[in-house]
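All remarks here apply to the structure that follows.
The values are calculated or read from the model by the stated rules, or taken from the named source; none is laboratory data. Just so you know, these numbers come straight off a predicted model, no measurement behind them. With ideal geometry, Cβ positions are generated from the backbone for all residues, glycine too; neighbour counts draw on all protein chains shown.
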């Protein structure tokens, strides 16, 4: 297991990923518009900005034409968090106990991948990116089929038992090395919602997998290579304290919830 790669990319190919068994490949969950999250204001995170620069007025060359310039926070749309993104809150350390300070990240960005000791995504790119057998649990469709009152922005906590029932309902069989994808319908909900509704609310709630130790164990025991969702978080938000009461992001370290960080990567 690599400190930089985790167990998501391995020299050992799972038996379910032989080329003749892969079937049809498609790009999933990574096609949302770059300004998809603009309706949701997150303090400290910049919205996507698209600037048009005149070639003539910009001084690059004396001719008519335009350059595009884009500024964005990578959390503004569909993306994949690296193993350095979210830390174990009591220790403030990333995957495998790695310290990711701003100085360390800036040093890593200036270095080539071979000289970067942090578990950042460039190591994945150097290994050929992420390719595997994706298994989709369309929980939104399952909820509609069986009559569960479910909204992507309703804070519904999907248990492992419900994931198993949804898989059986949709004919999905899990295998070691699978990449688990869970659809909640979040992107469609955000695209359709009035921004004033969000601004007038006391705080957004996100439906997702139940962020518990049992969920972390289930993901590990299924031997998933990775897990992802169409929501802004893989787990339901806001998270819960060990006593079952609701907490916020600032309460994670105080209540010493240590499992929440592992659910998104299952490494």
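Entry remark, the stretch 91-112: residues being surrounded by 11 or more Cβ atoms within 10 Å (Cβ to Cβ) and either without any contact (Cβ under 8 Å) to a residue 60 or more places away in the chain or not in a loop (DSSP other than H, G, I, E, B) (or both) number 14 in total. When the residues of the stretch 46-90 are filtered to those that are within 30 Å of residue 227 (Cβ to Cβ) and in contact with a helix residue (DSSP H, G or I) (Cβ under 6 Å, 6 or more places away or on another chain), the one that is surrounded by the most Cβ atoms within 10 Å (Cβ to Cβ) is 83.
The requirement of being over 18 Å from residue 95 (Cβ atoms), at pLDDT 90 or above and in a helix (DSSP H, G or I) is fulfilled somewhere in the stretch 221-239, by at least one residue.
Within the option set 194, 138, being farther than 20 Å from residue 75 by Cβ and in contact with a helix residue (DSSP H, G or I) (Cβ under 8 Å, 6 or more places away or on another chain) holds for one residue only, 138. May I ask you to say which residue of 153, 187 is touching a residue at least 24 places away in the same chain (Cβ under 8 Å) and under 29 Å from residue 242 (Cβ atoms)? Exactly one residue qualifies, and that residue is 153. When only residues in the stretch 167-207 that are assigned to a helix (DSSP H, G or I) and modelled with pLDDT of 95 or more count, which is surrounded by the most Cβ atoms within 10 Å (Cβ to Cβ)? Among residues in the stretch 167-207 that are assigned to a helix (DSSP H, G or I) and modelled with pLDDT of 95 or more, the one surrounded by the most Cβ atoms within 10 Å (Cβ to Cβ) is 167.
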